[in-house]
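A.B. asks: Quick one: the structure is below, questions incoming.
Nothing in this text is a laboratory measurement; each read-out follows from the coordinates by a stated rule. Remember, predicted model here, so these are calculated numbers, not experimental data. Heads up, the Cβs are rebuilt from the backbone with ideal geometry, glycines too, and the neighbour counts pull from every protein chain shown.
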């Protein structure tokens, strides 16, 4: 319970207030003590000086002279005057302005009780033995006590004010903090309830609360974007699977009526569906793999040569040409199989979507901090409208709607590039259209 | 061959068991990992087919336990689609081969055959592969058929070497993609077919007998007769 209190803003401010109060108390105590001692010393000093003067009188004129001096001083008495007591050996008073209430001992006495007329008092006393008697000089502590009282009440007031201010501040700061946080809380509650469009209100003050609100809002934007993407993907998947599934149903209906060819067609359709699922899972997997993928050293130049050699026969068979322009000795950290799959997807795209006679070029070069692998061709390319969404799942250029493919190839290329800390982008030059995979060196 | 199938999905289990039984193998089945491990350590199997996800003890743990016990029976692991990490884990865990569901039965059969009769590496001329009248030198990277030199592209050479390492055994398209190209995906283009037809025309130039046999619906094989 207590630890929980100290963790709240209220508790923290109370703690600070208590610390300040303790400091005030300590300073007060020291100041009180120092002042008190200084005033006491001053009283002692006065008593000592007066005693020396009277002892000098005694040396010249004996006790009678001292008695005379005391009487003279008593006649000229004022508020600040000292008190005197002169006794003989038997302790009988010879001259006195006060009656002692405390036994007289030689030396200093801190709290010497006495009565003067009807008034009792406490004083600072110095008793000095004289030939034939004892002289006591007493300074009343009344003024000292008054100053002590004033000091004490002053510090007590300061302490009380400190505590009151501290508690007040704690209540205020606690309330303000709760009020600011409750806005964030309200937004969070609304989002939990399902309204993802809610954002934490900002006051533009650039205070820590405001900055926190801004950060939270950016986080919410990111989450909303991811949710949108997810929704888009699910919609796309549902939409793009409906066509082949409907076709599958039709083929199975035909097969039920005894059409043998329909069985084979249905089989192919099912394979096709499995292929789409495999591609989708692969993309999701590669996207999730970015952090924990086992990286190895990949000889990119050799891989590109291999890929070109692998695909050149198919290019030639389709009446295409495939040339290669790769800087030797390019090495990166990566997953060789995934990179091979990305390149395979690009090469097959070119094969599938360009007319016979197309010239394609696979190249790799270093451009300051990245290695750029480009496959370009002088085929028709894609219209700019389609280009924007070419790397999204199920994105297919309008012109290729009728050809084979599911529009997942480039999405996977991009996922693999991003998984390697790079990106995939379209590249256009005067004669060619292509895709570039940028990989960090 | 005596083959143990450890698979919890009854449809897959029945499909595999029936197929292998019809192919003349003796088949034992198990539905969960613990029982599967118990049966496997009983020994006497030529190959084991294990599903990656199993109740009780999963496929990976089963293979690890088997290998830890010093059992070297060839293991083929089955997994659901989309498991790049699964594949690596499986092979590192001691599985000898890996097959992604759904698969064609011919694929499974070919892989089991290739697993069960692994050729032992031979002595000094281990770099020389001889099947029938074809001799392939892995060091010099040369190929001769009946004493006549055949010049091959690097991929064609690798493809022939893989076929010759497994004489009289069907190599499927996916097996060749994995072993010759190191692809763990299936390209749309028929790169295996294309390269094989080039290899075949180079090998067969001047000979009547086709060096490479196409097994319909399954794959390719070098018989060497």
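A.B. asks: Does the stretch B:2-116 come out rounded, prolate or oblate, given a ≥ b ≥ c as the square roots of the eigenvalues of its C-alpha gyration tensor, rounded meaning a/c under 1.5 and, failing that, prolate meaning a/b above b/c?
C.D. replies: It is rounded, given that a/c, with a ≥ b ≥ c, falls under 1.5.
A.B. asks: Can I ask one more? With no solvent and one equal point scatterer placed on each C-alpha of chain B, evaluate the Debye formula and give log10 I(q)/I(0) for q = 0.12, 0.14 Å⁻¹, two decimals.
C.D. replies: -0.70, -0.91
A.B. asks: Translational diffusion coefficient of the stretch A:292-440 at 4 °C, 1.567 mPa s, Stokes-Einstein with Kirkwood Rh over Cα pairs, in µm²/s as a whole number.
C.D. replies: In µm²/s, the coefficient rounds to 84.
A.B. asks: Obtain the radius of gyration and the Kirkwood radius of the stretch B:124-221 from its C-alpha atoms and give Rg over Rh.
C.D. replies: Computed over Cα atoms, the ratio is 0.94.
A.B. asks: Label-point separation (nm) for residue A:52 and residue A:253, each offset 7 Å from Cα along Cα-to-Cβ?
C.D. replies: 13.1 nm
A.B. asks: Please figure out what share of the DSSP beta bridges in the protein assembly as shown is antiparallel and state it in percent, rounded to the nearest 5.
C.D. replies: If I count the DSSP bridges inside the protein assembly as shown, around 75 percent turn out antiparallel.
A.B. asks: How big is D, in µm² s⁻¹, for chain A by Stokes-Einstein at 20 °C and 1.002 mPa s if Rh is the Kirkwood radius over C-alpha pairs?
C.D. replies: The estimated diffusion coefficient comes to 66 µm²/s.
A.B. asks: May I ask you to list the residues of the stretch A:413-441 whose amide nitrogen lies under 19 Å from a point 7 Å from Cα along the Cα→beta-carbon direction of residue A:365?
C.D. replies: Under cut-off, by backbone N: A:423-441.
A.B. asks: Apply the Debye scattering formula to the stretch A:2-149, with a single equal point scatterer on each alpha-carbon and no solvent, then give log10 I(q)/I(0) at q = 0.13, 0.19, 0.20 Å⁻¹.
C.D. replies: Calculated log10 I(q)/I(0) at the listed q: -0.63, -1.10, -1.18.
A.B. asks: Give me the inter-chain shielding for A:310-320: mean count of other chain Cβ atoms within 10 Å, whole number please.
C.D. replies: 4
A.B. asks: What residue among A:302, A:69, A:213 has the largest mean-square fluctuation in a Gaussian network model of chain A, using Cα springs under 10 Å?
C.D. replies: Judging by the Gaussian network model, the answer is A:69.
A.B. asks: With N denoting the number of residues in the stretch A:172-222, provide Rg(C-alpha) divided by 2.2 N^0.38 Å, to two decimal places.
C.D. replies: 1.14
A.B. asks: Separate question: Across peptide B:185-198, what mean number of C-beta atoms from other chains lies inside 10 Å of a residue's C-beta?
C.D. replies: 5
A.B. asks: Have a look at B:208, B:58, B:133 and tell me which one the Gaussian network model of chain B (Cα, springs below 10 Å) gives the largest fluctuation.
C.D. replies: It is B:208.
A.B. asks: Can you give me the pair-distance distribution of the stretch A:208-286, C-alpha pairs, 10 Å bins, whole percents?
C.D. replies: Taking every Cα pair in the stretch A:208-286, the percentages come to 16, 28, 21, 15, 10, 6, 3, 0.
A.B. asks: If you don't mind, another one. So for the stretch A:139-260, what percent of the C-alpha to C-alpha distances run longer than 23 Å?
C.D. replies: Tail of P(r) above 23 Å: 67 percent of Cα pairs.
A.B. asks: Which value, to two decimals, describes the C-alpha radius of gyration of the stretch A:244-334 once divided by 2.2 N^0.38 Å?
C.D. replies: Ratio of Cα Rg to 2.2 N^0.38 Å: 1.71.
A.B. asks: What does the helix-only formula give at 222 nm for chain A: each DSSP H stretch with n ≥ 4 adding -39500 (n - 2.57), the total divided by the residues, and the result rounded to the nearest 500 deg cm²/dmol?
C.D. replies: Result for chain A: -20500 deg cm²/dmol, rounded to the nearest 500.
A.B. asks: So what is the 222 nm mean residue ellipticity for chain B from helices alone, if each DSSP H run of at least 4 adds -39500 (n - 2.57) and you divide by all residues, rounding to the nearest 500 deg cm²/dmol?
C.D. replies: -11000 deg cm²/dmol
A.B. asks: Pick from A:346, A:375, A:126 the residue whose mean-square fluctuation is largest in a GNM of chain A, springs joining Cα atoms under 10 Å.
C.D. replies: A:126
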